[in-house]
1. Mind giving me the nanometre distance, one decimal, between the label points for THR98 and SER54, set 7 Å out from Cα along Cα→Cβ?
2. For segment 2-121, take the alpha-carbon Rg, divide it by the Kirkwood Rh, and send me Rg/Rh.
3. Compute the label zone of PHE78 within segment 1-37: residues whose backbone N is under 16 Å from the point 7 Å along Cα-to-Cβ.
4. With +1 on each Lys and Arg Cβ and -1 on each Asp and Glu Cβ, and nothing else charged, work out how big the dipole of segment 2-121 is about its Cα centre, in Debye to the nearest 20.
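Please treat every number below as a calculation from the coordinates, not as lab data. All figures in this text were calculated on a predicted structure; none of them were measured in a lab. Virtual Cβ from ideal backbone geometry, glycine too; neighbours counted across all protein chains shown.
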Amino acid sequence: MINLEMIGHIGQDAKSQTLQDGRFLINFSVCDNVKQVNKDTGEVREFPQWVSVSYFTKSDKVAQYLKKGVQVYVSGDFRIDEYLSQQSNQVRYSPQITASRVQILTFENEPEVKGKKDVSKVR
């Protein structure tokens, strides 16, 4: 497995579901801007890179902190899922992280908040 660490902003409020073993599965997406340099012209292009995140936890309180626009640090196992698009009938790729750690870097509507909240430790 490949371990990936990334910092980005959450694209929509996290969704939580209860598993049979009593744990919770929290799903959300994170966006980071990727820079690409054209070798011929030297032009720098920036485009969004979305990654789907799955986070298993013992607390259902975690999802309340993971809201749209919040900046987070995520680390965990990285994979790329392949699927067939029903609209275009082309193969598409979806980057995924199964997170072992999620840390909030800024809170929604409070960009000046000092300190961080490591939701990996929420019980």
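1. So the label points at THR98 and SER54 sit 0.7 nm apart.
2. 1.03
3. 1-9, 30-36
4. The calculated dipole for segment 2-121 is roughly 320 debye.
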